[in-house]
Structure formats: structure tokens, C-alpha cells
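Beneath this line is the structure, given in C-alpha cells, with notes to follow.
The values are calculated or read from the model by the stated rules, or taken from the named source; none is laboratory data. Just so it is clear, the structure is predicted and the values come from calculations on it, not from any experiment. Cβ placement follows ideal geometry from the backbone for every residue including glycine, while neighbour counts extend to all protein chains displayed. Note: accessible area is taken over every heavy atom of the protein model, side chains too, but ligands, DNA and RNA are not part of it. Shrake-Rupley method; radii C 1.70, N 1.55, O 1.52, S 1.80 Å.
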Amino acid sequence: MMERRSSRWSDIDWIIVSLYGILVLMGWFNIYAATFNEEHQSIFDISQLYGKQMLWIATSCFLAWVILMLDPRFFSRLAYPIYGFCIFLLIAVLVVGTEIKGAKSWFTFGGFSFQPSEIAKFGTSLALTFYLSTLGKRFSGLLTRLKAMLILILPAALILLQPDTGSVLVYASFIFVMYREGLSGNILLIGLGGAVLFVVALLLNTTTIELPYDIVLPGQTMMVVVIGLICLVLYAQFKKIKQVKWVILGSFLVITGYIFAVNYAFNNILQKHQQARINELLGIESDPTGAGYNVHQSMIAIGSGGGFGKGFLQGTQTKYDFVPEQSTDFIFCTVGEEWGFIGTFTVIFLFVYLLFRIIIVAERQRSKFSRIYGYCVASIFFFHLAINVGMTIGLAPVIGIPLPFFSYGGSSLWSFTILLFTFIKMDSERMHILR
Amino acid sequence: MNPFNNRRYVVLGIFLTVSLIFLGRLFYIQVIDDSYKLSAKNQALRYVTQYPVRGLIYDRNNELLVYNEAAYDLMVIPKRIKRLDTLAFCNLLGITDSAFDEKIAKSTSYSRFKASVFEKQIPADEWATISEKLYKFSGFFGEKRTLRKYPKSAAAHVLGYISEATPGDLKKDSYYQKGDYVGKRGLEKEYEKRLRGVRGRKVLLVDVHNRAKGSYMNGKYDTLPIAGENLISTIDRELQMYGEQLMRNKRGSIVAIEPSTGEILSMVSSPGYDPNLLVGRPRSKNYKMLQANDSLNPLFNRSINAMYRPGSIFKLVESLVALDEGVITTETRFRCNRGIIGCHGSHTNDDLVPAIQHSCNPYFWNVFKRLVQRGKYSSIFKDAAYGLNLWQERVKKFGLGVQLKTDLPGLKKGNVPDVAFYNRWYGEYRWAFSTIYSVSIGEGEMLVVPIQMANLAATIANRGYFYEPHLIKSIGADSVKRPEFTIRNETEVDPEYFDPVIEAMYKVVNEDGGTARRARMDSIEVCGKTGTVQNEPWPDHSVFIAFAPRENPKIAIAVYVEYSDFGGTWAAPISSLMIEKYLTGEVKRPEKEKRILDAVFLDIYDGKKEQ
Ligand SMILES: [Zn+2]
């Protein structure tokens, strides 16, 4: 047994820390540009969002320092208690939370507000990591998978009650973690297939297909018929193989059921504005003044930046409030408008560098716990990046989730800082942990 | 070696692929595709709201009740004000230096970058001069709005008014934007969604001097406003104005209905106000003035919101219910024994028709007793509860004690006391007929809204049914009528029982000794019933309901004049004049008209009646 000793500063992965620093500073300057107020020109003016963001950054640095000072065993020992505490907060917010924009997602104390769903990502990551790290080599068996799913579904369901669809979707990102730890790769394929079917089903939702002899079929019925025909052909082709009949029949029923479930969910579970946003994204309906307004404005802002941008504080689209939520969900527009393609490229490049670095560092861990946790962090960051940036350029539906380090807000900055620095801390101890 | 170690490349591959797709898309919209680009010279877009024309409201003869007039809001974007010649600007607008400073400060505190209203509702003629010189003042521009206008001062309570959307409106309906106008009362509120239309939007390119440089992307993102739908009201504008004139200097209400359809021909609430007062820049000042007048309460629509005791007109309902329940016949006689309840006139032992005609209180005391104490239970308390329950069910079929479905917001439903009501009041089985008998003559706990009285007149004119009284007969180009207005509501009283009641109402007006002789006309057979509602210590309220002509009635009317004393003296002649006006188009009895016009019943309220 090696004696545990505190890690030295030199054991810290300074590449990740530097990327963090650069992104946070860029985020701060962008919030300054997006909400610039001529009468309060100082970036340190705490009556303005940029001044407040500075306070969030300072407190985040403090949090990071505290995490680096902690005992490294802290996180694995306290994984479940932290998770439990997050669940408690998520329940509490449903009872005593403040409703903002129709969702009960916030605790408010005086002028300060806090969103527990942000920190719940951290708690869930720890709990999932801890659970997976205690398993043997293989991640298999129905019970194991169900338990892992339960860890994810509990917070997700509570957040759905708020309701905050964006934050719920982030939990889908853990699929990468489980995949890496041995969940069948088919899960990714099934996920992809499900997404494709989802889109096709919705596209066909509003179409009818005219056949000869005046037969008019709704698009989805037509789709089921076509899938049925394909199944018949497959059956004819492979009927020699044992049991193939049941496999084909089973898949047919599952796919058909799924198509109608999509329809039902779309019409009965999603809210009107969510339906409109999906229709807009799929090009079923187009309404640049209605559901498509945000995305349309956001693309004008980004597009108008051109190759080199209009320059710092020179953005007109974002400044004149054409772009909604410009300091939070649509902050990427300011990058696009003021810094052009150079800026958007740089930001995406830095994020990809950060993601790659996290994966590389995760893979060098001796401890399974640290590795799995690294994947959790990378997956969450990736998901936020993909949905947020995708939304601003019309490649993802409009779902309000923050762009890490860029979107204004204390809860999200703190939670991303805690997520990342916990991993940095684990990594810095890697030499002192026995396999 | 962990068999899943290679999966890291799949994960990295996915990260990389998504990022490359994003970069490709960004490269396309930022570098290749010009359609998102704006001119490099710091141009910006200006979104100009295209306000839809609010729907017009016509009367039943296609005379305009409400139309729109153009007005302009002068907007300002404080950030874009450059080298402003304040003196010239103030002169142009006709405002003082300090007013200017105040307005600018207000706009700036709202937003330096967003447009806000600097001066609102500038009439079109003033705007013409202002707009010519506006180019000199960068940061300012105009937005066209419309104001409601009323060609005649008529039906202010019915039409209601619009005013700027409150934060509550903005929250309740996401359609509204700051500065929109929303129907707040009357038809404007009830038909808001049909009247308001749909906003359009024009996207303009503007240069640094805030001058429009043409439409953005050839109007690809412009939307045209869709005008609101026009309404055709059931109101007869002439009759309405005449009614308002007759009610001048009086407190009360007139409601006239066409019995065969339920269409409201006029709805007068007095004191009223000129609807043009609540329009444009003087609006808030005038509104405060009207609101402050709390003794007369001119904003209050008495026709649908004032609850009065009905008085003797309720005897008509008592008669019909009693006949149909079989507790009396037309031959039933009761002695006019004035011991418990007083009476007037020289009659002693009437049967039904003369009892209505003389409005004999002891008679209806007995009728109500028979309705309430059916002898079903030996306990008089239990028996009274049983009888009252049957009675109130029948009475509510006349549209009394229930909210009519009239197309105005906030209709009161009045009160027809039921078993639960008296149980609350006295306790269960603690009351019987002797406790509640004042209801028999329309006093006590009975409360009726004027529109319900008019509806009662229409129901009797129809011999047993009514259509919900309503104000709009046709909506939009398709001339839709709300379906609930075409359903016949039955009182379930046999039509034959209406004959004696109508006979009595005829005699009330036309026979010597009838209480409403003042409503008589040679040319038209009017049937009616007076009521006088005691109001100690103040003067009585006077009420009259009527319909005419007796055969094939065209108009049913209720007139309620507060603090004016006996019903036959004031309410009856007002009804008579209204009927004459509506049926013949003119009034040929100038001396009668003058008597009404000269009558003033406003001050009486201030001093008590001399005893
Ligand atoms: Zn009598």
C-alpha cells in the first residue's frame, strides 16, 4: 500500500485548466458585448449582467480551489449522499420553488436565485460513476441496466415536473458513458434509428398519399404498410433461419407501435410552442415571426458577422434586441456577429479541444471511477454544446439550455466549474491511487 | 485489456463529426450565403408593427356605432438621437422644454436601444405637419395607430371601450404586446378576439440616420395585418339615442327587446357618458373624472349590473306559475283584506284579471301562500321548503335568478330566493310562508336586473318562451350569430294561461282605473304592468314592463326609474314614448315628451323624503 499524500500543483492537468480559463474569460467579454450599457461602461459594474458574471467567475474560482484542496476520496465516498441531496433539492424546488417563465425551477433568496437542476447533473454523474465503477468488467444483465437507468430517470423525472425539458434532455448524454462502459453498441444505433423514425413519422404526420383508384392514405398508414411489405420480403428471403418469423413480427409491431407513440406524444404531451418549434425545425411549417422568430433572428445575427465579424461591441443585431435571450441561451449569436467565422471557429475549436483533452485524460486513469466520471463530464459538455449551438444555427430545436461558460448565470457556471474541477482533482491524484 | 477500450474512438468520432457539421454550417451562413448579411455600413433592421384595423360595429339598420380614425404614435429610440435641435423639436410638437426632458428620461429608462412611445395618439391632421419635418430629428419616427370614434353619442355602456394592455393582459394572452389596445368593457371586451384582427409586421432596412431604405429581403419576412371582423348589432341607433335622451337627468335603465328573436333594440343606462370622452389623449383625464363621480356612477351599466326588487311586475310571474301549478284558476277570488299587507284602490273581492289590473297585494299574498304551503307535509316548515323549491324552479325558467347568456361581460343574475337561501338566513325548518311572504309582491329578497325584466316582458309577449337577449346579430363577413342565441328557452307554462295575464296587462294600460293609463296610445295596443318599489326613506323606484302591439308583438320593454315615485307616473310614459318611436318612427305627442325631458330625479337622492 502506498501512503496517500496530497497531490502537488504540478500534478494538475494545466491544459484543461487553461482551456477553462480562456473559455470563461471569452464568455465574460461576450456577455459584456451582448448587454453593453453605455451608461455603465465598466465591465466591473455589478449593477449590470457583466459585473454580476464577474462575481460568478470569482466565486467559481474559489469553488475550484476548494475542490482541489479536498481529500480525493471525498467524491467516491460521498457520491450517493451528494446524489441524495440533489434529489432532495429537486423535490424541494417543486414545493417551495419560484416559477419563472412557467417552470418551477428556481430557489430564490432575496435577489439571489439558484437552479438545482444544474447541480443535479453533478450529483447524478457521481452516483452513476460510483455505481458503474463497482460493477465487474461487463456492463450487462437486465437488473444492472435497470439500476443504472433508475439513477438517471429519478432526477430527470423530477426536472420534467418543473417542467424544464432542456435540462431533462441533458440526461440522454449519459448514454455515451454507458456505451463506453460496455452497454451494447446497438443502443446508439437504436437511438439513431429511433430519431430517424421520429422525424419521418412527424414529416408524414401531415401528409397524405394518393394511390390509384382514388385511395387516399394518411402518410403514417402508408409508412406502416411499406414497413409491413419490407418485413414480408425479408421473411420470404430468410425464412429458412429458425425463429426469424418471430423476430420480424416483433420488430414490425415495435416499430408500428413506436410510430403511433410518436404521434401521440407529439400531439398530447408536447406543449403548443414545442410542437411549433419542432415543426419549424423540420420545415413542416415556417413562420419567421412566430415559432421561427428566435432562430431566424439568431441566424441573421450570426450570418451578418461574416468571416471576420463586426468587431467588439459593434454588433447591431444582438444589441438592438432583435435576438431574444441574447445573454443566456442565444449568447453564441454575439460571438457570431462580432467575431465572425473566426470567432465561432475558435470557440468550437476550444470546446472540441477541451472535450478531446477530457477523454484523453480520462483514458489515462488507473481508477475506473475517475475514468467513468471523465466521460460523464465530457458527455454533459458535449450535449450542451451540441444543443445550444445547434439551436442558434437552426440544426437543433429551440431548447433552453446554456452554453457552458458563455451563457450568463451563476448556477450553470458554478455547476460546470464543479463538474470540471472535480475531474481535474481526480486526475491529479491518479498516481497515488492503486488499481 | 478492456474489450471496450476502442470505444473511445467512437465517442471521439461522434464529438468530432457533430463539431464539423456545425463548422460547415457556420461557414455556410457566415461566409458563403449572403442572404443573412446586412450591408457592412452599420445598417440595422427596423420592425414596424402593422396594426390591423379593428372591426367596426354597426346598428341593426347599418348605421355606424363605432369606427376607426387614424392617429399616430411618435416613437423614439433614445440611442439614435443625434444633435437634436430641442427648441425646434419642442415647437414642432407644441410641448415645453421640461415636458420634453421628462419624456426623454422616461423613454431612456425603458430602453436606450428599443423604441418606445414619446407622444401618443397624435391626430392625423397634426401629424401631417409633424411628419414633414421629422426627418430632421433622427431617433424619432411615427407609428400609425387607430382610435375608436363614435359618430353619435350612443350606447356607451353597451359598446364599452378599449384601452392599453395592462401587464395582466400581456400575461394572460401572449398575443398582446406592450402598447396594444384591448377591449376592456362591453362589446369591445366580449368580442375582443373577433374585433382585434391579427397584427402584421414590416421589416425595413434603415441607415445610420434611421431613415428607411426599403424593405428587407423584398418583403420576404413581412406579414400583412388582417383586419378585425365587423359586427352588426341588434341595437337601433335612433331608438337608443331617443331612450338616452328620455332618461337624461334620471337614474335608471331602459331595455327593449324584439320578442320574436331576443334581439336587444336598445339598452340605456342613465346617467351615461359620451363614448368619445374615452378616446385619444384626453382619455385618462376623462376616465378619472367619470370614475370620481361616485354618486351617479356613469360608468356603471345599470341594465345588466343593477339589481332591483321587481315590485308588482313580479305578480305576472306569480299568476302564470300559480295557474300552471293548478293552485288557482282564473275564477279564483280572494278578499282584499288589508290587515297583513296593504293595498290601494277601491276593490274588495277580485278574481285574477282584475287582481292583476289593480295590483291587489292581498290577492297575491294568497296566491303565493297556496304556492308555498301545498299541504304535502303536516309540518308547515317542511311543507314550505317543499313548496318554495317547486316555486323557485318554475320562476327560474323565466330567466330570473339565473345569468342570461347575453353577450356582455359581467351580467348579474339577480336573486330568486330558494330553500338553501332561507336555510342560510333563518336555519333549516325555521321558516315558513309567514316568514317570507313579502316575496309574493316582488319585495323582500327578490332581486332582478333590468334586462331580466325586459326579457320577462318578451316572454309574456311570446306566450311562454324567450330567446337569450343579445346585442350582436351578425359577426364578420360570414354573418355568424352565436348559436346559443337561436335556442328557444321554454317556461313550460301552458300558452293558454297567458291569455288572462295579457288581458289584464292590456287593461292596466287601456282601461279606466288601470295603473298605467299614461302609457296608452290610440294607435297602438300596449300591454303592460307597473311596479313601485318601496325604498324608505327615499322616494320609490318606478318600474314598468310592457310589450306592443298586443297581437304579434314587435317590442318588449322594461323601464326602471330610480327614486321617481309611482311606476305609472314616469316609467309607463317613458315606455310608451319608446314604443311609439320604434313602431311608428316618430313621436307625435310633444307635450308628453316634454314632461319626461323636463323631469329631474337626480337631486332627490341627496335628501331624504319628507315624512
Ligand atoms: Zn287589493
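Within the stretch B:343-359, residues that are within 14 Å of another protein chain (Cβ to nearest Cβ) reach no partner that is near the ligand (Cβ under 8 Å from one of its atoms) with beta carbons closer than 6 Å at six or more positions or on different chains. Of the residues B:Asp478, B:Asp418, only one is among the charged types (D, E, K, R) and open to solvent by less than 60 Å² (accessible area, probe 1.4 Å); which? B:Asp418 is the lone residue from the list that is among the charged types (D, E, K, R) and open to solvent by less than 60 Å² (accessible area, probe 1.4 Å).
Close contacts from the stretch B:386-397, counting a first residue that is closer than 13 Å to B:Val493 by Cβ and a second that is open to solvent by less than 60 Å² (accessible area, probe 1.4 Å) and of a type in the set (Gly, Ala, Ser), with Cβ to Cβ under 8 Å and a gap of 6+ residues or different chains, come to B:Val395/B:Gly401.
Taking A:Ala92 as meeting all but one of (1) assigned by TED's automatic domain parsing to the domain that holds A:Phe29; (2) more than 27 Å from A:Phe176 (Cβ to Cβ); (3) not aromatic (Phe, Trp, Tyr), write down the number of the exception. Here A:Ala92 clears every test but (1). Where residues in the stretch B:299-346 are within 16 Å of the ligand (Cβ to nearest atom) and among the basic types (Lys, Arg), which of them is least open to solvent (accessible area, probe 1.4 Å)? Ranking the qualifying residues of the stretch B:299-346, first place goes to B:Lys315. Within the stretch B:354-372, being under 37 Å from the mean Cα position of the chain (by Cα), over 24 Å from B:Asn389 (Cβ atoms) and more than 9 Å from the ligand (Cβ to nearest atom) holds for B:Ile356, B:Gln357. Filtering the stretch A:307-356 to residues that are crowded, with 23+ Cβ neighbours inside 10 Å, more than 8 Å from chain B (Cβ to nearest Cβ) and modelled with pLDDT under 75 leaves A:Gly315, A:Thr318, A:Val323, A:Gln326.
Would the stretch B:180-190 turn up any residue that is hydroxyl-bearing (Ser, Thr, Tyr) and away from chain A (no Cβ under 14 Å)? Within the stretch B:180-190, one or more residues are hydroxyl-bearing (Ser, Thr, Tyr) and away from chain A (no Cβ under 14 Å). Selection of first residues in the stretch B:156-185 that are over 22 Å from B:Asn286 (Cβ atoms) and of second residues that are polar (S, T, N, Q), restricted to Cβ pairs under 8 Å at least 6 apart or on distinct chains, gives the following pairs, ordered by first then second residue: B:Leu170/B:Gln177; B:Gln177/B:Thr49.
For the stretch B:260-272, the criterion of being buried (at least 23 other Cβ atoms within 10 Å of the Cβ), in the same structural domain as B:Lys396 (by TED's automatic domain parsing), modelled with pLDDT of 90 or more and within 16 Å of the ligand (Cβ to nearest atom) is met by no residue. Based on this model, can you work out whether A:Gly394 counts as at the interface with another protein chain (Cβ under 9 Å from one of its Cβ atoms), surrounded by fewer than 24 Cβ atoms within 10 Å (Cβ to Cβ) and touching a residue at least 60 places away in the same chain (Cβ under 8 Å)? So A:Gly394 fits the description; yes. Scan the stretch A:357-367 residue by residue and report those that are in a helix (DSSP H, G or I) and more than 9 Å from chain B (Cβ to nearest Cβ). If the condition is that a residue be in a helix (DSSP H, G or I) and more than 9 Å from chain B (Cβ to nearest Cβ), then A:Arg357, A:Ile358, A:Val361 are the ones that fit.
For the stretch B:373-397, which positions are farther than 30 Å from B:Val508 by Cβ and either within 16 Å of the ligand (Cβ to nearest atom) or open to solvent by less than 50 Å² (accessible area, probe 1.4 Å) (or both)? The answer is B:Ser379, B:Asp383, B:Ala384, B:Ala385.
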